[in-house]
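Enquirer: Have a look at this one.
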Amino acid sequence: YDQIGLLRPQTVAPNGYRRYGQADLLRLQHILFYRELDLSLKQIARLLDDPGFEALTALREHRLALLARMQHLQRLVDTVDDTILMMKGKRPMDEERLFDVFSEEQQKEYEEEAYQRWGEQVRISNQKWNSYTPEQKAAIGAEGEANYREMLAHMQDGPASPAVQAAVAKWHQHMRYFYEPSVERLEGLGHMYNQDPRFQATFRKLHPDFPAFLEQAIT
């Protein structure tokens, strides 16, 4: 890191030992966190040397990204556990459940279908998404999941309740990470969440009635 100028020691002793202060060690921690998120050293250097970089904000983003990764790893563990139980004959497991944690091919399928439905808007949305860093993508994903769980926590209050509608407003704002959503497009998403079998399967993992509740809350 020293050789490429990413982490300079505070001082170098006559015997060649590098000495680092607290600020240097905090910078090293940021470097290691970003490496965990698969950023290149050049990308990390640009982030850390940006005049607008704020260490506390970055740590909060690190935490969100790590939580999102932890949740994904937990899903992998759950899938392994379910597969073991299936192989022992203790639990049925359909083919979809075997692979639902691996989303790359599914995402490609969704993108192609979405492009056929909405055309150029999807291309613009993809360009915007691809402009985010891996850390930003993880944080956005964690924020979106937290938003749905907030709605879920207030299901008993009804879809028109102030608490649920406040969560819907946050969801509306969250969608701006991808595109500028019109009321019509948001309502279309609400219908799709409840009517498309794939979205139904995803949201029913949170609660059996959640897809219908989402549609009512959004529309």
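The values are calculated or read from the model by the stated rules, or taken from the named source; none is laboratory data. Predicted model, so just to flag it, every value in this text is computed and none were measured. All Cβ positions, even for glycine, are placed from backbone atoms using ideal geometry, and neighbour counts span all protein chains on display.
Enquirer: Which residues, taken from the stretch 135-146, are of a type in the set (D, E, K, R), farther than 18 Å from A212 by Cα and surrounded by fewer than 18 Cβ atoms within 10 Å (Cβ to Cβ)?
Expert: Within the stretch 135-146, K137, E143 qualify.
Enquirer: Scanning the stretch 35-82 for residues that are of a type in the set (G, A, S) and either out of contact with any Asp or Glu (no Cβ under 6 Å at 6 or more places or on another chain) or modelled with pLDDT of 75 or more (or both), which turns out surrounded by the most Cβ atoms within 10 Å (Cβ to Cβ)?
Expert: Only one residue fits best here, namely A68.
Enquirer: Can you pull out every residue in the stretch 197-213 that is at pLDDT below 85 and in contact with a Phe, Trp or Tyr (Cβ under 6 Å, 6 or more places away or on another chain)?
Expert: Scanning the stretch 197-213 gives F199, F203.
Enquirer: Step by step: first the residues of the stretch 147-169, then only those that are crowded, with 16+ Cβ neighbours inside 10 Å and within 19 Å of the chain's Cα centre (by Cα), then the one that is nearest to Y34 (Cα to Cα). Which residue is that?
Expert: Restricting to residues being crowded, with 16+ Cβ neighbours inside 10 Å and within 19 Å of the chain's Cα centre (by Cα), the top hit is N147.
Enquirer: For a quick check of your reading: which helices (runs of 4 or more DSSP H) sit entirely within the stretch 123-200 and have at least 3 residues that are farther than 27 Å from L66 by Cβ and without any contact (Cβ under 8 Å) to a residue 60 or more places away in the chain?
Expert: 162-174, 183-195
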